[in-house]
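Contents: one structure, followed by commentary.
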Amino acid sequence: MSVAPMSVATLAAMKSRGERIVSLTCYDASFARLLDSAGVDLMLVGDSLGMVLQGHATTVPVTVAQMVYHTAAVARGRERALLVADLPFLACATPERALENAARLMQEGGAQVVKLEGGAPMLETVRRLSEQGVPVCAHLGLLPQSVNRIGGYRFQGRDHASAEAIRHDALAMQDAGASLLVLECVPAALATEIGRTLSIPVIGIGAGAGCDGQVLVLYDMLGLNPGRPPSFSRDFLRGRGSIAEAVSAYVEAVRAGTFPAADETPH
């Protein structure tokens, strides 16, 4: 495996070669070193830390300062993987606020890419960030920061109108300058179609095996979710002797296309 640092250009080249991209969330330096050594391509410092680390019911309470803190910790532990950090709730309510907070994540936290949730209302923000040299990962489908508006964590894109909206937004995000796209909790056929249509890498979570890559919340992948685990996840620690073995098994499964399996794939 190449030890050269990953970049958005590296991931784009992987997509063009048909090589699957392996991603996991990460929140500290120790796990960053472990994930790097296992060959994870992209580490996402997700605002999911509000739930799995802080014990909140949603990601909404997470602040920019907390995201900067955890991003900096991961940055100190990684060497190879691309480091992506979430802009948390309302951190990109305006393009100006997004620029300010993206600067903090990159300058203070060491992020290489910032991720933001939302479709059409975020296009101007994505455009402004890209114009200023900030690589952007867009996020469509289920938007955890909007859970209070949509009334829960529900699969998206199952009816014609919402599927069309996601297709349209995906293309618009690419046109606005996004370098990556995360699709969360959408039907596998829709995610596969979008992945084939876009030139940028599409990384799925609960979106089937047809995406260019996969991402899971690290704690879900290790079976450490205290509640009911997501239907699209898998406990890779079960039956294995260490966390390192579990992460390596996840990397191998994503590379081989055996994760997610049919019963872990929404339709």
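Laboratory data are not the source of any read-out in this text; all were calculated from the coordinates shown. Fair warning: this is a prediction, and the values are worked out from it, not measured in the lab. Every residue, glycine as well, gets a Cβ built from its backbone with ideal geometry; the counts of neighbours run over all protein chains shown.
With a sphere of radius 15 Å drawn around the Cβ of T125, what net charge do the other residues whose Cβ falls strictly inside it have (Lys, Arg +1; Asp, Glu -1)? Net charge around T125: -4. From the alpha carbon centroid of the range 40-74 to that of the range 145-197 is 22 Å.
Spin-label model, N225 to H56: label points 7 Å out along the Cα-to-beta-carbon direction sit 1.9 nm apart. Counting charges near K115 (Lys, Arg +1; Asp, Glu -1) among other residues having Cβ under 14 Å from its Cβ returns a value of -4.
When the alpha carbon gyration tensor of the range 1-149 is reduced to an equivalent ellipsoid, the three semi-axes, largest first, read 23, 19, 15 Å. Measuring nothing but how far apart in sequence close Cα pairs (under 8 Å, 6+ apart) lie, relative to its length, the chain scores a relative contact order of 18 percent. Excluding V60 itself, what net charge comes from residues whose Cβ is under 11 Å from its Cβ, given Lys and Arg +1 and Asp and Glu -1? Spelling it out: positives minus negatives among the neighbours equals 0.
Placing +1 on the Cβ of every Lys and Arg and -1 on the Cβ of every Asp and Glu, with nothing else charged, gives the chain a dipole about its Cα centre of roughly 240 debye. At full extension, A103 and D263 could sit 53.5 nm farther apart than now, given 0.36 nm per residue minus the alpha carbon distance.
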